[in-house]
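The values are calculated or read from the model by the stated rules, or taken from the named source; none is laboratory data. Since we're looking at a predicted model, the values are computed, not measured. Heads up, the Cβs are rebuilt from the backbone with ideal geometry, glycines too, and the neighbour counts pull from every protein chain shown. For accessibility, only protein heavy atoms count, side chains too; no ligands or nucleic acids. Shrake-Rupley method; radii C 1.70, N 1.55, O 1.52, S 1.80 Å.
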Amino acid sequence: MSITKLIVLLIVIALSISIALPAFAADGAATYKAKCAACHGPEGQGKIGPALKGTALSADQITDLLSKGDDAKKAPHKKALSGVAGDDAKGAAEYVKSLK
């Protein structure tokens, strides 16, 4: 493979990644708005549920809470949230951590 083809391939890969990353963030925001905003507010300011803006929880802790639940929490977080698992939970957690 010539050096020119290698450079073109690397540029294509870099562009693909740069296009895909904002899509993941948008998915986290969409998941948050669909599943979390009713209780925690559209900007994480709190509503029925506590404020999430500036939470001390890590993204991993939020992901676990969404995908596994926690018996010590109030409903709906005693159990895993339906429709929020894996990448959706991780995306929503990263979105919550981005709220300032």
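The table for this structure:
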item: Condition broken by A14, with the remaining ones in (1) modelled with pLDDT under 90; (2) touching a Gly at 6+ places or on another chain (Cβ under 7 Å) satisfied; result: (2)
item: Segments classed as helices (runs of 4 or more DSSP H), wholly inside segment 6-100, with at least 1 members that are touching a Ser or Thr at 6+ places or on another chain (Cβ under 7 Å) and open to solvent by less than 90 Å² (accessible area, probe 1.4 Å); result: 87-98
item: Yes/no for G49 being at pLDDT 90 or above and at positive phi; result: no
